[in-house]
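Encoded as structure tokens, the structure appears first; notes follow it.
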Amino acid sequence: MDAAEFRKRGKEMVDYVADYLEKIEKRQVFPDVEPGYLRPLIADCAPQDPESFEDVFKDIEKIIMPGVTHWHSPYFFAYFPAASSFPALLADMLCGGIGCVGFSWAASPACTELETVMLDWLGKMVNLPEEFLAGKHGQGGGVIQGSASEATLIALLAARTKTIRQVQSEKPELTEAEIMGRLVAYASDQAHSSVERAALIGAVKIKNIPSDDTFTVCGSALKKVLDEDKAAGLIPFFFCATLGTTSCCSFDKLLELGPICNKENIWMHIDAAYAGSAFICPEFRHLLNGVEFADSFNFNPHKWLLVNFDCSAMWVKKRSDLIGAFKLEPLYLQHHHQESGLVTDYRHWQIPLGRRFRSLKLWFVLRMYGVKGLQEHIRKHIRLSHQFEHLVLQDERFEICAEVVLGLVCFRLKGSNELNEALLKSINDAKKIHLVPCHLREKFVLRFAICSRTVESTHIKFAWQHISQLATDLLKTWGQNHHQQ
């Protein structure tokens, strides 16, 4: 394909994507395929001779689309949102076109410098304390990671290195292996599984702090476990607080937890993957109070801020903590500006060496929506979640299982877990809307997350009528079947 054909085909692809997104609600939200559906539809091995763009293009609808779950459909209410917008798509195209690999400042100065400035913009939008910003002479700063899982892992590994060095300076007789064997990380029993995975990769113990009846961790619960562990000779070194848990969007009590972490010299990382975007609205910023105690903070613009995946924003108070943990300087990666103190080499802030020009998406979206446009997007989603909550509360067969704060409603039929599992199965088998469940304590609960950029009040009403009707049908047969048994 030469430049002339690329121009032609590029325009066709833009039209195809625009049509796909404009007409997405006509597509069934969840696919009708069985595992292994795709292999018989394509050749056994790659073609020896080139095929035409037309041949490839016509296979999109034939082979790919039947197996796509349409995350941007207004009938998609599963997981948490995956952000998408036309400015971000255009920026992603430019990122692919420039195609630089920005592991150091010299590898593409614009790639590094735009990222530093964009993370300062975003940090100011959520009113982060000054020390998290790079500014011209700050000690902190932000970086774009691939996902919140990566941000948690990076924070844990940096904390591990910092603690090992500290303990070794105080007790030189201890080997690194002995210290490692005594390190413990902590997180809420509601924290995302990626926190446990970070500890697994980091080869350290992790303990769950029990949450209260609002699924929140408070200071006394953390202190109790810390006291027990220190008495047993363990070394607490890392606590991951969650703002907006995956199951029910609960918020750990930072103002209680932060001072304990600071006093005990424990690295506090805040995972606000989903909820963090809402903090750009002044009325939700109080949920971030206590961030001043944290060492690192992360949220995903690629969930709820109209920036396509992958764009996970992470800030640290002391970038030297990250760089100290990961810095290696082979000659082929060195450049003559690196000792000037004026440049950032983001390879020291992340797991992979290579990185895409992801800050372009942030730059396009922040400029073309403005803070006000993004606030309106968040507020609209939250209004819709309260609309759904209101509909659920009007039906006495159902109950709400957790406080609705942002764009997630946790609800269930009053009755057994089996009944709710059957309801979820009938919802997802009908494929008119898509939901996923969670467990809250012993209860099987349905999660209804407001996801699509284009979702409206009519889609919420449709979803509720559909769920309500399926519940009616289920309860009729359920009573008979279970009565007979």
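Among residues of the stretch 153-175 that are over 26 Å from Ile351 (Cβ atoms), those with a Cβ under 9 angstrom from a residue that is in a helix (DSSP H, G or I) and charged (D, E, K, R), sequence gap 6+ or separate chain, pair up as Leu174/Arg182. Annotation note: of Ala199, Ala191, the sole residue that is in a loop (DSSP other than H, G, I, E, B) and more than 19 Å from Ala231 (Cβ to Cβ) is Ala191.
Taking every residue in the stretch 112-134 that is assigned to a loop (DSSP other than H, G, I, E, B) and pairing it with any residue that is at pLDDT 95 or above and among the small types (Gly, Ala, Ser), at least 6 positions away or on another chain, the pairs with Cβ-Cβ distances below 7 Å are Val126/Gly276; Leu133/Gly123. Among the residues making up the stretch 45-74, those that are open to solvent by 90 Å² or more (accessible area, probe 1.4 Å) and part of a helix (DSSP H, G or I) are Glu54, Lys58, Lys62.
Within the stretch 17-27, the presence of at least one residue that is more than 30 Å from Asp429 (Cβ to Cβ) and not in a loop (DSSP other than H, G, I, E, B) is confirmed. Filter the stretch 89-108 down to the residues that are in a helix (DSSP H, G or I) and touching a helix residue (DSSP H, G or I) at 6+ places or on another chain (Cβ under 9 Å) and list them by number. Selection gives Leu89, Leu90, Ala91, Asp92, Met93, Leu94, Cys95, Ile98. Against the list (1) open to solvent by less than 40 Å² (accessible area, probe 1.4 Å); (2) in a helix (DSSP H, G or I); (3) small (Gly, Ala, Ser), the condition Ser169 fails is (1). Cβ separations smaller than 8 Å between residues 6+ apart or across chains give the following pairs from the stretch 388-407 residues that are among the charged types (D, E, K, R) to residues that are open to solvent by less than 30 Å² (accessible area, probe 1.4 Å) and assigned to a loop (DSSP other than H, G, I, E, B): Glu389/Val404; Glu403/Ser250.
Scanning the stretch 211-243 for residues that are of a type in the set (Asp, Glu) and either in a strand (DSSP E or B) or under 28 Å from the mean Cα position of the chain (by Cα) (or both) gives Asp212, Asp213. Within the stretch 85-113, the residues that satisfy the criterion of being at pLDDT 95 or above and either open to solvent by less than 30 Å² (accessible area, probe 1.4 Å) or farther than 30 Å from Ile450 by Cα (or both) are Ser85, Pro87, Ala88, Ala91. For the stretch 250-299, which residues satisfy the criterion of being over 26 Å from Leu366 (Cα atoms), assigned to a helix (DSSP H, G or I) and among the acidic types (Asp, Glu)? Of everything in the stretch 250-299, just one residue is over 26 Å from Leu366 (Cα atoms), assigned to a helix (DSSP H, G or I) and among the acidic types (Asp, Glu), namely Glu256. Every listed requirement among (1) within 23 Å of Gly146 (Cβ to Cβ); (2) touching a residue at least 24 places away in the same chain (Cβ under 8 Å) is met by Gly99 save one, (2). Comparison of Val392, Val405 shows that the only residue that is assigned to a loop (DSSP other than H, G, I, E, B) and surrounded by 15 or more Cβ atoms within 10 Å (Cβ to Cβ) is Val405.
Checked against the criterion of being open to solvent by 10 Å² or more (accessible area, probe 1.4 Å) and at negative phi, the candidates Ile400, Ile427 yield just one match: Ile400. The set of residues in the stretch 347-386 that are assigned to a helix (DSSP H, G or I), over 18 Å from Leu306 (Cβ atoms) and open to solvent by 60 Å² or more (accessible area, probe 1.4 Å) contains only His386.
Screening Ala232 against (1) free of Cβ contacts under 8 Å to residues at least 60 places away in the same chain; (2) open to solvent by 50 Å² or more (accessible area, probe 1.4 Å); (3) within 27 Å of Thr116 (Cα to Cα) leaves a single unmet condition, (3). The residue of the stretch 209-229 that is surrounded by the most Cβ atoms within 10 Å (Cβ to Cβ), among those that are modelled with pLDDT of 95 or more and more than 15 Å from Leu254 (Cβ to Cβ), is Leu226. For the stretch 77-118, a tally of residues being on the phi > 0 side of the Ramachandran plot and in contact with a strand residue (DSSP E or B) (Cβ under 7 Å, 6 or more places away or on another chain) returns 1.
The values are calculated or read from the model by the stated rules, or taken from the named source; none is laboratory data. What you see is a predicted model; the values in this text were computed from it and never measured. Counting neighbours? That spans all protein chains shown, and the Cβs are built from the backbone with ideal geometry, glycine included. Just the protein is used for accessible areas: all its heavy atoms, side chains included, with ligands, DNA and RNA removed. Shrake-Rupley method; radii C 1.70, N 1.55, O 1.52, S 1.80 Å.
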